[in-house]
Amino acid sequence: MIVSSAFQGKKAAYYTLGCKLNFSETSTFGRMLQELGIVTVKEGEVADVCLINTCSVTDVADHKCRQAIHRMVRKHPGAFVVVTGCYAQLAPQTVSEMDGVDLVLGANEKASLVQYLSDAWGGEAKQASLHRYHATKTKDIKTFAPSCSRGNRTRFFLKVQDGCDYFCTYCAIPYARGFSRSTTIDNLVKQARQAADEGGKEIVLTGVNIGDFGKNTGEHFIDLVKALDQMESISRYRISSLEPDLISDELIEYCARSRAFMPHFHIPLQCGSDEVLKLMHRRYDTALFAHKIQLIKDLMPHAFIGVDVIVGMRGETDECFAQSRDFLESLDVTQLHVFPYSERPGTTALRIPHVVSEVEKKRRSAVLLEMSDRKTHAFYQQWIGKEAEVLFEKSSRGRAMHGFTPNYIRVELAADQADASLDNQLVDVRLLGFNHDKTALMAQIIQR
């Protein structure tokens, strides 16, 4: 039994690295602690407890996690420091031995954060390293920690799935998150309804491999989409990322005619060379990927499509990269998210003999990032002069407001037009030219 009075008046600081799923989970942790009387620390204050939610998708991510932990320990001397997330699951002992870290919780244990924190608050975790970290083996990760929260954002992030069964050769995430698992459609609809009751107008569906939803419940992702779409109290839904082989034609066709699912897709390709896709153990080829993109564009010509690409994977020869570049150039997509390949301990990609140099990885990244900028700029250009509905997000006093159109064009409203009353409101605007750094289109509110 947790006695909430032990937490009253305590202050907490949070730091999140990595994906939208991590941000959603951190926000949920914050809400859980707030319900126990722990308030979020203000700028300049020293926290009593620090929570760092980590990522481990690359070696750079690991390094950033270590830096963040050191920084939080220095900034909040004497605070009780809790580390969770993917890096905590993959290297719990290493993290627990870092100066200032008091408690490390793996993927299975983070759902019981409050209980672990309550048990350890007296300082027992500092007495012996044996009690400082708790991380279940990957095969035994079973829990699904619900999360539907917005933190400081306008949009809510609803966790619909966790874990992954794919074990692509380059990826350590299945080892960090465990096997694919979900909660039920009924539970997710209840969480979405709660978000609507709290004023939410847009929900982003998050997870590790969302298309695998329902593997442990006997349900299917398309059925979840249909159930959520019927809930008219939420105006917009977005799907954060879907594997190409799990985007059924039925799902694309449904989204094209749905009430609230936005014309916005994020689809990981990883490489446009079939040879490299086989080395990666991806479950599709370029022909299937091209078919999905074409179907989306046939049914939703205005859809925003983001694509993940890894460059410099072991086995990606110059010829393979050229094939990948040409394939990406041929696709009618909007934006590329480019990641240099990072070797992860324990992954089978380490057995592939051909290694791409760091210099060449940077060159290939630059080539694709330039392509991405061209494609995004051209997509935005088509919308200058047109009208769109924008969901605006809160901004600091005296600063421009930002928001997104249904098809995910970032929109900027000049500071002299920005008003707090527009926060979390759907507003009709006319899209003007680019802002100063070409990251958004300027908007003018249409008075009806």
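The values are calculated or read from the model by the stated rules, or taken from the named source; none is laboratory data. Just so we're clear, the structure is a prediction, and the values are computed from it rather than from any experiment. FYI the Cβ positions are ideal-geometry reconstructions off the backbone, even for glycines, and counts take in every protein chain you see. SASA here: full protein model, heavy atoms, side chains in, ligands and nucleic acids out. Shrake-Rupley method; radii C 1.70, N 1.55, O 1.52, S 1.80 Å.
Some notes on this structure:
- Summary of the geometry: the range 21-77 and the range 161-227, compared by the centres of their Cα atoms, lie 24 Å apart.
- Longest site-free stretch - the chain; sites: GluC sites (Glu not before Pro), DSSP loop, at most 15 other Cβ within 10 Å: 233-342
- Taking 44, 433, 312 as the candidate residues, the one with maximal mean-square fluctuation in a Gaussian network model of the chain, Cα springs under 10 Å, is 44.
- Residues residue 42 and residue 197, FRET efficiency given R0 of 41 Å [Cβ-Cβ distance, rounded to 0.05]: 0.90
- Approximating the spin labels as points 7 Å out from Cα along Cα→Cβ, the residue 352-to-residue 63 distance works out to 2.2 nm.
- Springs join every pair of Cα atoms under 10 Å in this Gaussian network model of the chain, and among 414, 195, 135 the largest mean-square fluctuation is at 414.
- DSSP bridge analysis restricted to the range 265-419 gives an antiparallel fraction near 40%, rounded to the nearest 5.
- Which listed pairs, of 20/278; 292/386; 201/226; 20/362; 297/362; 10/190, have C-alpha distances above 19 Å, in listed order: 20/278; 292/386; 20/362; 297/362; 10/190
- Cα-based reach from residue 137 at 17 Å (exclusive), listing lysines while leaving out same-chain residues under 8 positions away: 110
- Probe 1.4 Å, accessible area per residue of the range 108-267, Å²: 40
- In the chain, the calculated helix contribution to ellipticity at 222 nm averages -10000 deg cm²/dmol per residue, counting -39,500 (n - 2.57) for every DSSP H run with n ≥ 4.
- The GNM of the chain, with springs linking C-alpha atoms under 10 angstrom apart, assigns the highest mean-square fluctuation among 415, 260, 303 to 415.
- Our note on the geometry: Cα centres of the range 388-448 and the range 233-280, 26 Å apart.
- For the chain, the extents of the C-alpha atoms along the principal axes are 61, 61, 45 Å, listed from largest to smallest.
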